[in-house]
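**Q** Mind looking over this structure? Questions follow.
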Amino acid sequence: MLVEIEDKIISTDVFSEAFVCDLSKCHGACCVEGDGGAPLKEKEVILIQDHLEKIKPFMNKKGTEAIANENFFYLDENDEPATQLVDKKECAFVYFDENSNNAMCSIETAYKSGEIPFNKPISCHLYPIRTKDFNEFTAINYERWDICSAACKLGSSLKMPVFKFLKEPLIRAYGASFYKEMEAINDELKKK
């Protein structure tokens, strides 16, 4: 089933499925697994380019070598920009926490440290929601991936729907009034 808010078509899985990232179980596998880098908006390419020197100190050696050799992004099969990968595996912006061995984002760490004025790419911040822009609308879908089974389990135990877990990035992407409308739709869906 689908619902519509403004020019967004939203899968109801975003309301019905439960999800809370559980780094202690997955160790940030979504930043390492898969067949491509994180999708980037054009404005994100510019922001990263403009602030790359402030992000680099937070990166690991493999990541800085990858972007030195290949640039920090590439164009995917749809000619859309995506973050560069290290050896066709983890995102070039990943570093591994020494204590937990969790994959961490150097862009997010630079942001939280006050070094840059923007957070990690919105495609990462919104995960497990994936978006696709079309001429007339944006599709918003929940992406199921087996590496996130621990997140689904934790979300179920906490009774946390995907959209509530992703409140901050949804507001970042689409605004507070959009999120309020999502809450109203969620209330309606619960009544059915």
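Any read-out appearing in this document is the output of simple, stated calculations on the displayed coordinates, not a laboratory observation. Given the structure is predicted, the values throughout are model-derived calculations rather than measurements. Here Cβ is always computed from backbone atoms with ideal geometry, including for glycine, and neighbour counts include all displayed protein chains.
**Q** Given labels modelled 7 Å from the Cα in the Cβ direction, how far is it in nm from Glu4 to Ser149?
**A** My value for the distance between the label points is 3.9 nm.
**Q** From a point 7 Å beyond the Cα of Lys190 in the direction of its Cβ, which residues of the range 141-166 have a backbone N at a distance under 13 Å?
**A** Within reach of a label on Lys190, which here means backbone N under 13 Å from a point 7 Å along Cα→Cβ, the range 141-166 contributes 159-161, 164.
**Q** Just from the alpha-carbon atoms, what are the Rg and Dmax of the range 26-119 in angstroms?
**A** In order Rg, Dmax, the Cα atoms of the range 26-119 give 12.4, 38 Å.
**Q** In degrees between 0 and 90, to the nearest 10, how far off the longest principal axis of the chain does helix 149-158 point, with axes built from Cα atoms?
**A** So the helix axis and the longest Cα principal axis differ by about 50 degrees.
**Q** Another question about this same structure. Could you list, bin by bin from short to long, the percent of Cα-Cα pairs of the chain in 5 Å steps?
**A** Percent of Cα pairs in each bin: 1, 7, 15, 19, 19, 16, 12, 7, 2, 1, 0.
**Q** For the range 125-131, take each phi angle, set θ = phi - 60°, evaluate the Karplus expression 6.51 cos²θ - 1.76 cosθ + 1.60, and give the result in whole Hz per residue in order, putting x for glycine and proline.
**A** 5, 7, 4, x, 7, 10, 10
**Q** What is the dipole size for the range 82-124, taken about its Cα centre, with +1 at each Lys and Arg Cβ and -1 at each Asp and Glu Cβ, in debye to the nearest 20? Show your work: numbers first, answer last.
**A** Working: 4 positive and 6 negative charges, 34 e Å.
About 160 debye.
**Q** Sequence-distant or interchain residues sharing an amide H contact under 5 Å with Thr138, placed H: which?
**A** Under 5 Å from the amide H of Thr138 lie the amide H atoms of Lys8, Ile9, each far enough along the sequence or on another chain.
**Q** Quick one: which residues, 5+ away or cross-chain, put their amide H under 5 Å from the amide H of Asp76? H built at 1.01 Å from N.
**A** Ala82
**Q** Follow-up. Using a Förster distance of 22 angstrom, determine the FRET efficiency expected from the C-beta separation of Leu23 and Ser157, and round it to 0.05.
**A** Efficiency at R0 = 22 Å is approximately 0.90.
**Q** Let me ask you something else. Count the net charge of all other residues whose Cβ sits under 14 Å from the Cβ of Cys148, scoring Lys and Arg as +1 and Asp and Glu as -1.
**A** Here the charged neighbours net out to -2.
**Q** Find how many whole Å separate the alpha carbon centroid of the range 13-39 from the alpha carbon centroid of the range 108-126.
**A** Cα centroid of the range 108-126 versus Cα centroid of the range 13-39: 17 Å apart.
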